[in-house]
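Input: a single structure, listed below in C-alpha cells.
The values are calculated or read from the model by the stated rules, or taken from the named source; none is laboratory data. Keep in mind the model is a prediction, meaning the values are calculated, not measured. Cβ: placed from backbone, ideal geometry, glycine included. Neighbour counts: every protein chain shown. Surface accessibility is based on the protein's heavy atoms, side chains included, excluding ligands, DNA and RNA. Shrake-Rupley method; radii C 1.70, N 1.55, O 1.52, S 1.80 Å.
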Amino acid sequence: MSSHSLSTFSNMDVDVAIIGAGPSGAIAASLLHQQGKRVVVLEKQHFPRFSIGESLLPCAMQFIEQAGMLDAVEKAGFQFKNGAAFRYQDNYTTFDFTDKFTPGPGTTFQVQRGEFDKVLADTAAKQGVEIHYGHTVEHIDLSNDPVISVSTEDAQQYQVNAKFILDASGFGRVLPRLLDLEMPSNLPPRSAIFTHIEDNISDSTFDRDKILISVHPQHKDIWYWLIPFSNNRCSIGVVAEPHLLARLQGSLEQQLMTIVNEEPGLKRLLTDAKVVQECATLKGYSANVSTLATNKFALLGNAGEFLDPVFSSGVTIAMQSASMAAATLLKQLDGQHVNWQEEYAAPLMKGVNTFRTYVQAWYDGRFQDVIFYQQANPAIKQMICSILAGYAWDTNNPFVAESERRLNTVVALCQDNDPV
C-alpha cells in the first residue's frame, strides 16, 4: 500500500506499471515482484469497493497459490464452494467440482469481492508491491517506452516511465478507451440487476457450498444467480436481454424482486429475505478489443474481453491472463524476443473461446439440455465439470479441444433421449 502522502508524488521509473489492483492486477504484481521486477500498481478507487464476480472457480486457486496468497485467502473466513447447482422448473442437478476430468483444485470460495480483492491487494503490498490508491491514469504515450500520466485525488499530476503496461482495470477498460481498442462483442447485449440480501433461508436442503443457477420457468434465456456467503447473506441477480426486463415496473429493487418471484424455487427459498444493499444494474457488459497485447502493453481479464457472468468465468480468466502475461513479460524484460500474439493472446483466447462456446450454447438452449439431462454418462459429465470448474485451457479435455463439435454430439444424443 502506498506510504506516500499525496503531496510527495514525483515522476517514477519502473519495469512494469499495472493499472488496477483487482485480482488480475494483484496476482500479476505479485508474480513479477517475486522475480525482482520493479512494479507499481495504480488504482483509481479505494479498497474495499463493491464488485460482482463473487463465485470463484477452483482453477483460480492455482494462481492464488502461485502468488503466495493462498494462506491469506484461506484464513479470511470466506464461504467454502465445491460445485454448482442448476434448477429449471422441476429439474434440479448438481456438479461436484471434485469429480472432474482435469487435475487440480476442486474446491474454492464464494466471496464478497470488496473484502476478497482487498485481501489479495493487501497481501501483494505486504510482499513489497507498491500500490497507489485514488490515482487515475489520464493519458498513455507509447511513442517510445510507455509514459503514463497520472492524477491524484488532490489534482496533482506525475508521470510513470515504464518498460511495459499491464491493464488490469476490469470494466474500467482504461487502455481500450485511451488507445481506441474497443470492439463490439459478438454476444447479444444483456443486462443484469443484482444486490446482496440477508437471505434467512430456512430450507435445510439448500446447499450453501454451491452457487445456484436458476432458469426462468417460461423464458429459458433469463437466468438467476444465488451465491451464498458465510455471513447469512447471498448475492442475488438476474440476467436477460433488455427487452425481457423492460416490462418490469418500479425501482430496481422492485424490478429484481418481481422477476425473482417468478421463479417458484427462488420465491420459496427467499420468502424471508431482506435486501441489505442498494440494487445495481450492469447493461451491455459483454466487450471485446482489437488487440490484446503488443511489446508495450497487455490487457488482462475484463479489460480485454468479458463474455457473460453465467459460468462465473470472469475472475478465473483474469487470474489466468495475469499468470500467462507475467510469464511472457518476464522473458521480454530479461531480453528475450517475445511474440505476444503467439505466446499470450492466442493461448489465452483458447480458453476464453471454450467458455464462449458454452455461454452461447447456454442461451440458445443446447447446453441447458445437456446440463439437465437425466441419463448423463459419468465420464462426459466429468469433462463438462472440468470446464465449469474453470479448466477451459486443458486441451487434453475433448470438450476443450473440440468444444463445439463435442457439445453438438452430446446435444444430439440428449435430444434422441439416448444415454450420453
Could you say whether any residue in region 34-51 is buried (at least 24 other Cβ atoms within 10 Å of the Cβ) and either modelled with pLDDT under 95 or in a helix (DSSP H, G or I) (or both)? no
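Looking at 131, 140, 165, which is the one that is over 23 Å from the mean Cα position of the chain (by Cα) and either assigned to a loop (DSSP other than H, G, I, E, B) or hydrophobic (A, V, I, L, M, F, W, C) (or both)? Steps first, answer last, please.
Working: 131 fails: over 23 Å from the mean Cα position of the chain (by Cα); 165 fails: over 23 Å from the mean Cα position of the chain (by Cα).
Of the residues listed, the single one that is over 23 Å from the mean Cα position of the chain (by Cα) and either assigned to a loop (DSSP other than H, G, I, E, B) or hydrophobic (A, V, I, L, M, F, W, C) (or both) is 140.
Based on this model, can you work out whether residue 138 counts as closer than 30 Å to residue 36 by Cα, exposed (fewer than 15 other Cβ atoms within 10 Å of the Cβ) and at pLDDT 95 or above?
On the way: closer than 30 Å to residue 36 by Cα: yes; exposed (fewer than 15 other Cβ atoms within 10 Å of the Cβ): yes; at pLDDT 95 or above: yes.
It is true that residue 138 is closer than 30 Å to residue 36 by Cα, exposed (fewer than 15 other Cβ atoms within 10 Å of the Cβ) and at pLDDT 95 or above.
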Select, from 376, 389, the only residue that is among the small types (Gly, Ala, Ser) and out of contact with any Leu (no Cβ under 9 Å at 6 or more places or on another chain). 376
Can you tell which of 354, 395 is open to solvent by less than 10 Å² (accessible area, probe 1.4 Å) and at pLDDT 95 or above? 354
I'd like the residue in region 231-248 that is modelled with pLDDT of 95 or more and not aliphatic (A, V, I, L, M) and, out of all such residues, is farthest from the chain's Cα centre (by Cα). 233
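Within region 303-317, identify whether any single residue is in contact with an Asp or Glu (Cβ under 7 Å, 6 or more places away or on another chain), among the aliphatic types (A, V, I, L, M), in contact (Cβ under 8 Å) with a residue 60 or more places away in the chain and open to solvent by less than 10 Å² (accessible area, probe 1.4 Å), and answer yes or no.
Going residue by residue through region 303-317, those that are in contact with an Asp or Glu (Cβ under 7 Å, 6 or more places away or on another chain) are 303.
This time we only want the ones that are among the aliphatic types (A, V, I, L, M), so: 303.
After this cut, where a residue has to be in contact (Cβ under 8 Å) with a residue 60 or more places away in the chain as well, the list is 303.
Filter again for open to solvent by less than 10 Å² (accessible area, probe 1.4 Å), leaving 303.
Yes, that holds for at least one residue.
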Can you find, within region 134-154, the residue that is nearest to residue 296 (Cα to Cα) among those that are in contact with a Phe, Trp or Tyr (Cβ under 9 Å, 6 or more places away or on another chain) and among the β-branched types (Val, Ile, Thr)? 140
Might you check whether a residue that is over 22 Å from residue 241 (Cα atoms), open to solvent by 60 Å² or more (accessible area, probe 1.4 Å), without any contact (Cβ under 8 Å) to a residue 60 or more places away in the chain and assigned to a loop (DSSP other than H, G, I, E, B) occurs anywhere in region 269-289? yes
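Can you tell me which residue within region 402-420, out of those that are among the hydrophobic types (A, V, I, L, M, F, W, C) and open to solvent by less than 50 Å² (accessible area, probe 1.4 Å), is modelled with the lowest pLDDT?
It comes out as 420.
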